[in-house]
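One structure is given below, encoded as C-alpha cells.
The values are calculated or read from the model by the stated rules, or taken from the named source; none is laboratory data. All values reported here derive from a predicted model rather than from experimental measurement. Heads up, the Cβs are rebuilt from the backbone with ideal geometry, glycines too, and the neighbour counts pull from every protein chain shown. In case anyone asks, the SASA skips ligands and DNA or RNA and just uses the protein heavy atoms, side chains included. Shrake-Rupley method; radii C 1.70, N 1.55, O 1.52, S 1.80 Å.
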Amino acid sequence: MACRNGCCCGSGPINEDNARFLLLALFIIIYLLCGAAVFSALEQPMEREAKERWAQRFELFSQKYNLSKKDLNNFLRSYEEANVAGIRVDTIRPRWDFTGAFYFVGTVVSTIGFGMTTPATIGGKVFLMFYGLLGCAATILFFNLFLERVITVIAVVLKSCYERRHNKAVLPQNGRRTSEGNRAGAGGGNGGGKGADLAGWKPSVYCVMLILGVAAILVSCCASLMYSAAEGWGYLDSLYFCFVAFSTIGFGDMVSSQRVVYEGHATTAYRLGNFLFILTGVCCIYSLFNVISIVIKQVLNWLLRRLETPCRCCFPRRGHHPHRHPRRNVVAPGHLRARRDPSIETDAINESETDTGRRMSGEMISMRDFLAANKVNLAIMQKQLSEMAIGHPRQSSSSSHQNGFSGGVGALGIMNNRLAETSVDR
C-alpha cells in the first residue's frame, strides 16, 4: 500500500539530522555493549581471584592476631575514610599544600579528575562547583583555540608542500618554468584548471588525522620514557597512563608526580616535565578526537545513503522533490562525493563569513572574533531547536552554502571549511 502522508514503514519522513543522531546513538549503545562484553571477559576472572585471595588473607590475619571480624572490618573502614582524605601507606607528597592544590585544580579544569585528591570540607565542595564551572569552560575554549591553530598550521604546511609538488609537475620538458597565465592564455585549459585547483586547495581530513595521530603517539612515547624512569612503572603501564590522562579519562589507579622527593635531585624538573607533557598530550588527543569525529560522521552519512535504497520514503530523495532544501550536515567520504572544488582557501576569507559571522580563512582569529562567532552560532542553534520544536522545517537560503559543519558550534564549527571534507565547495 502506497504511503501518502507518511513512510511506508509506518512513520513520517525522518529529518536527516535526526536520522544521523539516532544512528550515532545506536552505534554508541552497541559500542558500549561490545566493550562491556570484552572487559567483562578479560577482567572478571582476575576480580574473582583477587576476592578469593583477600578472603583468605582476612581470615588468616584475624586468626593470627585473635581479632574479631567485626573489629577488623571497622578498622578497615576507618582506613578507607583516611584514604579518601589522602592518607596512604606509602609516604607521598602533601595533598593540600600549594603545589598539591595546584596539581588538584589542574586535574579539575582539564576534566581529568584522577580522584586521588578530593575536597573533604563542605566549603571545599561548594567552592569546587563554582570553580569548576568557569575553569572547565575556559579550558574547553583553550582547547578549541588550540585546535584552530593546529588545523591552520597543518593546512599552511600541507599547502606549501602541495605547491612545491604542483610547481614541479608544471615544469615544461625544456626545464624552464612558465607562468600560469601564459599557459592559460595559450589555450592550456588544463593549466588554468591547475591554477584554480592550487588557489583553493584544502588538506584532507585523513592527512590531518594521520599527522595528529603521529604527534599524539610521539608525545605519549616520550612521556612514557620519562614516567618509566621516574615512577618505576613498566613501559606499557606508562603508555596506559598517558592515554588515560591525555584523553581526560583519569581513572586514578596510576597518578604521576606523587612522591615527596624523586631520586637524582630532579624533583622540580620532573614535575615541570609532567605538567608540560600532560598539557601537550591533552591538546593533541583533544584535536585528534575532533578530527576522528569527522570520519565517524562520514561513515554515518554513508550508512544513511545505504538506508535510502530499501526505504526512500524515510529520507528526502535527491533530485525528485521540487521544493527540497539543500542537504545539511553532510560530510561524505572522498570516494563517494563529487567535489566541484577539492580544495580550501587558506589565505582568503570565504563568502560564508557574511552569513555566519565567522572567518573561514586560514588566518588565526582573535579571542574577540571567536567569542562573537560562538555567540552567533548559539543563536543559530537556538533558532533551529525552536523551529524543530514547533514542527517548522529550517529554511536555507539558496545563496548560502550548507555543509557538514555550517552553523556548527565549538570544535565542529572551527573545522568548518578548513578541510577538504568540510568544504562548502564539494
Q: Take the residues in the stretch 256-270 that are surrounded by 18 or more Cβ atoms within 10 Å (Cβ to Cβ) and free of Cβ contacts under 8 Å to residues at least 60 places away in the same chain, then tell me which one is farthest from Cys136 (Cα to Cα).
A: Tyr270
Q: Please work out if Ile92 is on the phi < 0 side of the Ramachandran plot, in contact with a Ser or Thr (Cβ under 8 Å, 6 or more places away or on another chain), part of a loop (DSSP other than H, G, I, E, B) and open to solvent by less than 60 Å² (accessible area, probe 1.4 Å).
A: no
Q | Scope the stretch 101-115; condition within 19 Å of Val261 (Cβ to Cβ) and buried (at least 16 other Cβ atoms within 10 Å of the Cβ); matching residues | A | Tyr103
Q. Looking at Leu218, is it open to solvent by 10 Å² or more (accessible area, probe 1.4 Å), touching a residue at least 12 places away in the same chain (Cβ under 8 Å) and over 15 Å from the mean Cα position of the chain (by Cα)?
A. no
Q.
Which numbered condition in (1) on the phi < 0 side of the Ramachandran plot; (2) part of a loop (DSSP other than H, G, I, E, B) is the only one that Gly252 fails?
A. (1)
Q) Does Leu210 satisfy the criteria of being without any contact (Cβ under 8 Å) to a residue 60 or more places away in the chain, out of contact with any helix residue (DSSP H, G or I) (no Cβ under 9 Å at 6 or more places or on another chain) and in a helix (DSSP H, G or I)? A) yes
Q.
Filter the stretch 67-89 down to the residues that are open to solvent by 100 Å² or more (accessible area, probe 1.4 Å) and of a type in the set (Lys, Arg) and list them by number.
A. Lys69, Lys70, Arg77
Q) Just to be sure, is Asp253 open to solvent by less than 80 Å² (accessible area, probe 1.4 Å) and among the acidic types (Asp, Glu)? A) no
Q: Check the stretch 90-112 and report whether any residue there is over 25 Å from Val282 (Cα atoms) and among the basic types (Lys, Arg).
A: no
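Yes/no per residue for (1) at pLDDT 90 or above; (2) crowded, with 16+ Cβ neighbours inside 10 Å:
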{"residue": "Thr117", "(1), (2)": "no, yes"}
{"residue": "Ala120", "(1), (2)": "no, no"}
{"residue": "Phe130", "(1), (2)": "yes, no"}
{"residue": "Ala138", "(1), (2)": "yes, no"}
{"residue": "Phe143", "(1), (2)": "yes, yes"}
{"residue": "Val153", "(1), (2)": "yes, no"}
{"residue": "Glu163", "(1), (2)": "no, no"}
{"residue": "Ser179", "(1), (2)": "no, no"}
{"residue": "Ala186", "(1), (2)": "no, no"}
Q) Can we say Ser287 is surrounded by 20 or more Cβ atoms within 10 Å (Cβ to Cβ), among the polar types (S, T, N, Q), assigned to a helix (DSSP H, G or I) and modelled with pLDDT of 90 or more? A) yes
Q. Going through the stretch 39-66 one residue at a time, which ones are open to solvent by 80 Å² or more (accessible area, probe 1.4 Å) and within 30 Å of Ile296 (Cβ to Cβ)?
A. Phe39, Leu42, Glu43
Q: Could you run through the stretch 30-62 and say how many residues are among the aromatic types (Phe, Trp, Tyr) and touching a Lys or Arg at 6+ places or on another chain (Cβ under 8 Å)?
A: 1
